[in-house]
Amino acid sequence: MSAREYDLHLIDAFADGPFAGNPAAVVLVDAPPPDRWMQQLAMEMNQAETAFLLPQDDGYSLRWFTPRSEVDLCGHATLASAHYLWGQGILSPDDTARFQTRSGLLTATHSKDGITLDFPAIASTPVAMPHDAARVLGGEVVEAMHGGFTVICRLGSAAQVRDCSPDLGAITSWNPKGGVVVTALSDREGIDFISRCFFPALGVPEDPVTGSAHCVLVPYWHRQLGKTALTAYQASSRGGTLRCELRGERVTLTGRAVTTMRGKVAAAR
């Protein structure tokens, strides 16, 4: 085994304290690792996402892997990566974190309100609802949309979103390359909409807090509510709040992060 080791941190993103929000593993490397090694490490970590940071002249290359595959866009692991860079003193608090990704340039800034991600806004278009949607999701499906790699199903109430216990096999057949998001108007003061996200095809039965899904949800709920600034809650068992804003063709997502574990991982042979 190579004697070279890399930092590996486990960071809870979109969380105000430990063991909440969405955990992501973050690894800082000093040379491009083999894809196979990154996928194996993501399987070993068994988190929704493992992020790999590689320094470049103008920021960092950033790649994200689920236990099964590499993905094009991930919000919580980007927030965790920015938290890592500031927390380790690699970037100063006033620096903008710049990430080159499969979705283009993504940035993060740090303030007293938390970490703000600048992501692409993703348009959604209506799709026909699967004939078994009510059975699979356990609730009334008001509308179905497709955007990015997600199918969005708006349910009849926030309670139906919270109570949703979907047939994961059926969801995989609906969207074998992505996942399904259920959403509804919130029934809580100070929250505009709630959601839950299921990505069994990617090895993530339920993602606790999903930044990339909100790239689609924020433009959708802007159309419904006429608001550009929205507060969202993802109602998984861990839960997480996202403060969101639609800015033209971009979406900003603000949240906090907490480091829960620090360690080392051996570099690829």
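Worth pointing out:
- Based on the reciprocal of the average 1/r between different C-alpha atoms, the Kirkwood radius for region 36-103 equals 12.4 Å.
- Helix 211-225 axis, angle to the chain major axis (alpha carbon atoms, nearest 10°): 30
- Solvent-free Debye calculation, one equal scatterer per alpha-carbon of region 128-269: log10 I(q)/I(0) at 0.11, 0.14, 0.17 Å⁻¹ equals -0.42, -0.65, -0.91.
- For the chain, the share of DSSP beta bridges that are antiparallel, to the nearest 5, is 80%.
- For region 186-240, the Rg and Dmax computed from alpha carbons only, in angstrom: 11.8, 35
- Computed accessible area, Arg243, all protein chains, 1.4 angstrom probe, square angstrom: 100
- Dividing the Cα radius of gyration of the chain by its Kirkwood radius returns 0.96 for Rg/Rh.
- Spin-label model distance (nm) - Ser111 vs Thr260, 7 Å beyond Cα toward Cβ: 2.8
- Heavy atoms of Glu5 accessible to a 1.4 Å probe, total area in Å² rounded to 10: 110
- Rounded tilt (10° steps) of 76-87 against the dominant C-alpha axis of the chain: 40
- Spatial offset of region 103-132 relative to region 223-269 amounts to 9 Å, using the alpha carbon center of each.
- Positive-pole candidate from Leu155, Val180, Ile90, dipole of the chain, charges at beta carbon: Val180
- Two-site FRET efficiency, His131 against Arg223, from Cβ-Cβ distance with R₀ of 22 Å, rounded to 0.05: 0.25
- Label-point separation in nm, Glu249 to Gln40, each point 7 Å along Cα→Cβ: 4.1
- In the full protein context, region 1-138 carries 45 Å² of accessible surface per residue, based on a 1.4 Å probe and ignoring ligands, DNA and RNA.
- Against the empirical 2.2 N^0.38 Å (N residues), region 81-188 has a Cα radius of gyration ratio of 1.40.
- Across all C-alpha atoms in region 1-128, the radius of gyration and Dmax reach 14.8, 54 Å.
- Of all accessible heavy-atom area on the chain, the percent that carbon and sulfur account for (1.4 Å): 49
- Selected from Gly59, Gly148, Gly89 as most flexible by GNM, with the chain as the system and alpha-carbon contacts under 10 Å: Gly89
The values are calculated or read from the model by the stated rules, or taken from the named source; none is laboratory data. Note that the structure is predicted; figures quoted are calculated from it, not measured. When we count neighbours, we look across all protein chains shown, and the Cβ atoms used for this are built from the backbone with ideal geometry, even at glycine. Protein only, heavy atoms only, side chains kept; ligands, DNA and RNA dropped before computing areas. Shrake-Rupley method; radii C 1.70, N 1.55, O 1.52, S 1.80 Å.
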